[in-house]
Amino acid sequence: MPHTVEYIRKLAERHGRRLESLLPILENVYEDHHVIPEDAMVEIARELDVSAAKVYGTATFYSFLETAKGGKYVIRVCKTITCMMHGKNQIIKELEELLKINLGETTPDGLFTLKETNCLGQCHRGPAMLINDTPFTELTPSKVRDIINEYRLIAQKSAS
């Protein structure tokens, strides 16, 4: 992340330098860069006068903040009991077979990262998943294949 010190200083000026500012600053870093690198966490700790461990602990606690670079498309499958009762395990199995990766891994081409997450707020329409910020509900293995194929086509078009 270029100019980390300057960038974090501006975020601290916008959000404040209180402990309550930690999460909004982390969210901004993630929105802007799709990862929260170690140097940014250290600089946030300096700006807010908290320990780097506090910043790291907060960043890693929330499943929607990433401290390691993931794929272009991060797939988060809801792991609640409701989604499990509606077939979440079939969806994960289908995704693992389609992407040829396991939960927690990224495809070799860097296109997809597959994760489980807590409730997406779509239990009444489960199983559900989120690809970056786009929700998909009432999933079936067939629907998942279509969705992944569509994302692959989008990636091919943007690469051309």
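The values are calculated or read from the model by the stated rules, or taken from the named source; none is laboratory data. Note that this is a predicted model, so its numbers are computed, not measured. Neighbour counts run over all protein chains shown; Cβ positions are idealised from the backbone, glycine included.
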Any residue in segment 23-52 that's surrounded by 14 or more Cβ atoms within 10 Å (Cβ to Cβ): show its pairings with residues that are among the acidic types (Asp, Glu) and at pLDDT below 90 at Cβ separation under 9 Å, as long as the two are six or more apart or on different chains. TYR30/GLU66; HIS34/GLU66; VAL35/GLU66; ILE36/GLU66
Failed condition for MET84, given (1) surrounded by 14 or more Cβ atoms within 10 Å (Cβ to Cβ); (2) at pLDDT 90 or above; (3) out of contact with any helix residue (DSSP H, G or I) (no Cβ under 7 Å at 6 or more places or on another chain), with all others met? (2)
Within segment 53-71, count every residue that is surrounded by 14 or more Cβ atoms within 10 Å (Cβ to Cβ) and over 10 Å from the mean Cα position of the chain (by Cα). 6
So in segment 121-141, with the set limited to residues that are modelled with pLDDT under 90 and buried (at least 18 other Cβ atoms within 10 Å of the Cβ), which one is farthest from the chain's Cα centre (by Cα)? GLY126
Inside segment 121-134, the number of residues satisfying the requirement of being closer than 23 Å to ALA155 by Cβ and touching a helix residue (DSSP H, G or I) at 6+ places or on another chain (Cβ under 9 Å) is 3
Filter segment 88-115 down to residues that are in contact (Cβ under 8 Å) with a residue 12 or more places away in the chain, surrounded by fewer than 17 Cβ atoms within 10 Å (Cβ to Cβ) and of a type in the set (Asp, Glu), then give me how many there are. 1
Would you check which residues across segment 120-160 are farther than 22 Å from THR106 by Cβ and in a helix (DSSP H, G or I) and list them? CYS123, HIS124, ARG125, SER142, LYS143
Are any residues in segment 53-87 in contact (Cβ under 8 Å) with a residue 12 or more places away in the chain, of a type outside the set (A, V, I, L, M) and in contact with a Ser or Thr (Cβ under 7 Å, 6 or more places away or on another chain), and if so, which ones? SER63, THR67, GLY70, GLY71, ARG76, CYS78, LYS79
All positions within segment 144-160 that are small (Gly, Ala, Ser) and over 20 Å from the mean Cα position of the chain (by Cα): SER158, ALA159, SER160
Quick check on segment 48-70. Is at least one of its residues in contact with a Lys or Arg (Cβ under 8 Å, 6 or more places away or on another chain) and either among the acidic types (Asp, Glu) or over 25 Å from LEU111 (Cα atoms) (or both)? yes
Read through the list (1) closer than 28 Å to SER21 by Cα; (2) not in a helix (DSSP H, G or I), then give the number of the only condition that ILE101 fails. (1)
